[in-house]
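What follows is a short report on a single structure.
The values are calculated or read from the model by the stated rules, or taken from the named source; none is laboratory data. Only a predicted model underlies this, so the values are computations on that prediction, with no experimental measurement involved. All Cβ positions, even for glycine, are placed from backbone atoms using ideal geometry, and neighbour counts span all protein chains on display.
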Amino acid sequence: MHRGVLFFGPVCLLGSWTAGPAFAQSVPTASAPSGSDTINPQESGHAQDIVITARKRAESAQRVPITITALDGSALTKQNIKDLFQAVTVVPGAIFSRAPDDGLALTFRGLGTAARSQAFEQSIALFTDGVFLGKTRLYSVGLFDIDRIEFIKGTQSTLLGKNASLGAISIITPQNALIRLAEFEIFAFGKQHERAAALLPTMLNQGEGFGVQEIGALKFYLAARKSGRAADADRASAAILSSSHANLRLDLAVKALASLGRIDQAFALLEGLSHTLAPEMDLAPANPGTSFLFAPETAPLRADSRFWTVANQQGLTTYWMKSGKWPDFCGKEQPLKQCQASAAKAQAGHVG
């Protein structure tokens, strides 16, 4: 897969050094009541999405129910913040101090590990690009070339391990191709087309199969979404189909086609698969997993009877029927009984 970059969210965006509302603002604004913040001095008065992988998959921070403060790298540079001792001074509810015997004490909301030898471990975990840094002495190292620091507040031991019993800190260096891709998807499918277009040059030849042809197809897609013209959608669909047979990721191609209303073309890609997708997200271009089938962008596919053929081919209907654990869209987008009937019909057709 890729290296496990741990981001924590959700980030309700703010522009001051204190808690603020869910908007990105400039740094010198006043505080407002909220517990989740992102300090980003480059935006002002506009809602903004932050890409995180707190639940081991890239998604918008606005959708993840975790209290977090994120310090943007440009803000760190502007404020001349060089280590965690300085960083926590702008994080609400965080204190990081050094005792006379050189022991370190880090607390979130008044809870943490008492100052003791730096050989001991903290109850607030520290990660750098997903790599756990176990010893307290590593918490005091200098910061260099940082994209963002994220402070998660609250117990996360089940997800992140025993040392995150009271919270965690994630230091993120400049993003790799996978994170750029996740940002592109959030902006592109969230109708922030200009921001998505600005990311495309940074994705070119940076891995994940994004060459000139694939980037060109995505440009056509953004142009079609922006214009809303059928001719532009046709051109984008043709480019996406052509690129999908080369290196464009299957999940991205299917979501793009579905959001353009090109349902037949999306199913042509899915029904033409010669392999079974992994049940968990594997970000290799040839095997993107099945989670994209349940994304908001692919809702039109789930409303089509052909979805159940694809689900059956991937072994999903067998799992759902045997386990009794049906996906969330059953009961929300369509009645559970209808899902059960469709799954049984797809299995009967497959067996026959």
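Only a single item in (1) modelled with pLDDT of 90 or more; (2) loosely packed, with under 15 Cβ neighbours inside 10 Å; (3) within 24 Å of the chain's Cα centre (by Cα) is not met by Ala303, and it is number (3).
Quick one: in the stretch 49-60, of everything that is over 18 Å from Pro174 (Cβ atoms) and not charged (D, E, K, R), which residue is modelled with the highest pLDDT? So, considering only residues that are over 18 Å from Pro174 (Cβ atoms) and not charged (D, E, K, R), the one modelled with the highest pLDDT is Ser60.
Residue-wise test of (1) more than 20 Å from Val254 (Cβ to Cβ); (2) surrounded by fewer than 17 Cβ atoms within 10 Å (Cβ to Cβ); (3) not assigned by TED's automatic domain parsing to the domain that holds Ala94.
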| site | (1), (2), (3) |
| --- | --- |
| Lys135 | yes, yes, no |
| Val141 | yes, yes, no |
| Gly161 | yes, yes, no |
| Ala182 | no, no, yes |
| Phe187 | no, no, yes |
| Ala197 | yes, no, yes |
| Leu204 | yes, yes, yes |
| Ala217 | no, no, yes |
| Tyr221 | no, no, yes |
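Only one of (1) buried (at least 20 other Cβ atoms within 10 Å of the Cβ); (2) modelled with pLDDT of 85 or more fails for Asp72. Which number is that? If we test Asp72 against (1) buried (at least 20 other Cβ atoms within 10 Å of the Cβ); (2) modelled with pLDDT of 85 or more, just (2) comes out false. Thr276 passes every criterion in (1) within 26 Å of the chain's Cα centre (by Cα); (2) at pLDDT 90 or above; (3) surrounded by fewer than 13 Cβ atoms within 10 Å (Cβ to Cβ) apart from (2). Confirm whether Ser123 is farther than 30 Å from Thr290 by Cβ, of a type outside the set (A, V, I, L, M), modelled with pLDDT under 85 and surrounded by 15 or more Cβ atoms within 10 Å (Cβ to Cβ). For Ser123, the condition - farther than 30 Å from Thr290 by Cβ, of a type outside the set (A, V, I, L, M), modelled with pLDDT under 85 and surrounded by 15 or more Cβ atoms within 10 Å (Cβ to Cβ) - is met. Summed over the stretch 138-164, the residues that are touching a strand residue (DSSP E or B) at 6+ places or on another chain (Cβ under 8 Å) and not in a strand (DSSP E or B) give a count of 13. Within the stretch 299-313, being of a type in the set (A, V, I, L, M) and closer than 13 Å to Phe329 by Cβ holds for Ala299, Leu301, Ala303, Ala311.
Here is a yes/no grid of residues against (1) within 21 Å of Ala253 (Cβ to Cβ); (2) in a helix (DSSP H, G or I); (3) among the basic types (Lys, Arg):
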position: Gly289; (1), (2), (3): yes, no, no
position: Pro300; (1), (2), (3): yes, yes, no
position: Asp304; (1), (2), (3): yes, no, no
position: Phe307; (1), (2), (3): yes, yes, no
position: Ala311; (1), (2), (3): yes, yes, no
position: Lys337; (1), (2), (3): no, yes, yes
position: Gly349; (1), (2), (3): no, yes, no
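Confirm whether Leu111 is under 24 Å from Asn80 (Cα atoms) and at pLDDT 80 or above. Spelling it out, it is not the case that Leu111 is under 24 Å from Asn80 (Cα atoms) and at pLDDT 80 or above.
For the stretch 174-191, check the following and say yes or no: at least one residue is assigned to a helix (DSSP H, G or I), modelled with pLDDT of 90 or more, closer than 23 Å to Gly289 by Cα and in contact with a helix residue (DSSP H, G or I) (Cβ under 7 Å, 6 or more places away or on another chain). Looking through the stretch 174-191, none of the residues is assigned to a helix (DSSP H, G or I), modelled with pLDDT of 90 or more, closer than 23 Å to Gly289 by Cα and in contact with a helix residue (DSSP H, G or I) (Cβ under 7 Å, 6 or more places away or on another chain). Inspection of the stretch 110-120 finds a residue satisfying the criterion of being of a type outside the set (Gly, Ala, Ser), over 16 Å from Lys162 (Cα atoms), without any contact (Cβ under 8 Å) to a residue 24 or more places away in the chain and not in a loop (DSSP other than H, G, I, E, B).
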